[in-house]
1. What is the helix-to-structure angle for 511-524, meaning the angle in degrees between its Cα long axis and the longest Cα principal axis of the chain, kept from 0 to 90 and rounded to the nearest 10?
2. Counting only protein heavy atoms, what percent of the accessible surface of the chain is carbon or sulfur at a 1.4 Å probe?
3. Among Ala26, Leu99, Val456, pick out the residue whose Cα is farthest towards the positive end of the charge dipole of the chain, where Lys and Arg carry +1 and Asp and Glu carry -1 on C-beta, about the Cα centre.
4. Quick one: which residues, 5+ away or cross-chain, put their amide H under 5 Å from the amide H of Ser371? H built at 1.01 Å from N.
5. What is the dipole size for the chain, taken about its Cα centre, with +1 at each Lys and Arg Cβ and -1 at each Asp and Glu Cβ, in debye to the nearest 20?
6. Could you work out how far helix 153-200 tilts from the main Cα principal axis of the chain, as a 0 to 90 degree angle to the nearest 10?
7. For the chain, with every protein chain kept in place, what is the accessible area per residue (1.4 Å probe, Å²)?
8. With P(r) over Cα pairs in 20 Å bins from 0, in percent defined as stated, name the option among (1) 16, 36, 25, 15, 8, 1; (2) 22, 58, 20, 0; (3) 17, 38, 26, 15, 4, 0 computed from the structure displayed.
Amino acid sequence: MRMIFRYMKAYARRIASSMTVKLLGAVTELMIPYILEHLIDEVVPLGQMRQVILWGLLMVATALITRQLNVWANRMAIDNAHNVSYDIRQDLFTKTANLSGAQFDAFGLPSLISRMTSDSYNVQSCAQTLQTLCVRVPMMLLGGIAVTMMMDAALSAILCVLVPVLIVVILGVSRYGIPLYRRVQERLDDVVRVMREDISGIRVVKALSKTEYEKRRFNRSNEAMTRADIKASTIMAIPGPLMQMCLNIGLTLVVWLGAARVDSGLIKPGVILAFLTYFNMVLQGVMGVNRIFVMVSKASASANRIAQVLDIEPDQRVLAPEEARIPSGDEFIRFEHVNFSYGPAPEQSLAGGEREQCLYDISFALKRGESLGIIGPTGCGKSTIINLLMRFYDVEDGGVFVDGRDVRTYEKDELHRKFGVVFQNDMVFYNTLRENIRFGRPLDESALTRAVEDAVAAEYIDSLEDGLEYHADIRGANLSGGQRQRLLISRALAGDPEILILDDSSSALDYKTDAALRKAIFEHHRDSTTIMVAQRVSSIQSMTHILVMDGGRCIGYGTHRELLKTCPAYLEIYQTQMGALA
């Protein structure tokens, strides 16, 4: 909850105004039964219709003022709550975007999505509730009891007995309910994960006739979340029936005792009518306390989950030159005896689990303008090399150097500006082709045109009715695999990067288009240092250097001709692929 109050502090004046207006509304609402009691007991017996009308109009005016004040207060509270949730989502998105690869893996994408959506909504609801009910409820409770005690202490004793009992029950139930709502949000993470997997892979699910299987898998996650939600809601609903029962008992006692006191001449009939209204207000206040604690229970669990992300300390800092390793050569890119394992370090782990060794003693060097092809079986560590070069993760041992500096001495933006990159399964955004290529960069039209031509994408883009203004669907669903890859390569080339990384980015291209692409890169981007991860020998055989990977280890390094003589695994891949082509 401290996190919620921290964000509400930025809007302290506006929240104070909202709560002040709500307080005035509660005060005027408390005046209505008192005016009714005075009208019945003091004004009506006088038989002066003019006085009756005047007091009646005062009662109507008070009710209208109460309504208007509450409307203003609620609108202000809604605006303030939306501002608070807006700031939280902005900070949460910024923090998520700056998580290291290890931290991102530890939280998991489905959990981060549910924290950004469901959890932030719970916090928003709580911020709104705190501004409204936390003013009105105490006024209804304390103000109602105070007024009834002035009217008749004996009848007020009924409230003084019932209210503390109900509040104790609410506090006890709420204390038990907070962990239950935290469990609900964790189960929601599982639902989001399964839903995301199924929606992203819907074509595979249908192609393999696994729709029913995925329905059962989603049903298990959905049932687990539903059971957790039912349990939490059932526990938190316990005070409701109890309060309704106490309300009925209390009203019965008020009518019975009030009638007896009216009959004895101790109070007037109007007191009973006013008292019944105040009694209802007080009980509504108690029910408001229950609603507050339900909302706070949900928001507290959600706020803790959001704070986990917002408060996590960066695990990658920029090193001073004297702290960093010094490269043993002056090549533009160097890997020196690099070892790496996936999985968070024990002190950073959120979900536990063992670290999995991925790279073993990897070393290579590239001069500016040279090229490197990386080939090997799936899961051998090819993409991991790219991740370490761009410092998405930090090495365990060894060093990674760019332009003579340890990558850990670069600010992230400074390092990443050097790269143009296409990852496996890269993202085509829901936007025009032009904006997908530009990607927020100040690129002129000539740069876009050159990038499209070099990526061998000009022909298909020109064939579209809208050309570069053609709108891509989510993840480029209205583009073919080859069209998506050429669009993404255009994006990477458009910034004329110092380092061009193509991570299995031509797998959907035919051999002719692939050859044209490599020729264009060689001719027009010869100053870029190129690293290409590929499954096809034909895509990398013209590279300056080729790195052959297997099981996280380098089993071959050299030119295409050298590897055919010195690396049996590379020779086998070459013969298999070239034989298949023959």
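1. Once rounded, one gets 90 degrees.
2. On the way: 16820 of 29280 Å².
Ligands and nucleic acids excluded, carbon and sulfur reach 57 percent.
3. Ala26
4. Thr530, Thr544, His545
5. Details: 62 positive and 64 negative charges, 385 e Å.
The calculation lands at about 1840 debye.
6. Computed tilt is about 20 degrees.
7. For the chain, the solvent-accessible area averages 50 Å² per residue.
8. Entry (1).
The values are calculated or read from the model by the stated rules, or taken from the named source; none is laboratory data. From a predicted model like this one, the values you see are computed outputs, not experimental measurements. Positions of Cβ are backbone-derived with ideal geometry, glycine not excepted, and every protein chain shown enters the neighbour counts. Ligands, DNA and RNA are stripped out before the accessible areas are found, and what is left, the full protein with its side chains, is counted by its heavy atoms. Shrake-Rupley method; radii C 1.70, N 1.55, O 1.52, S 1.80 Å.
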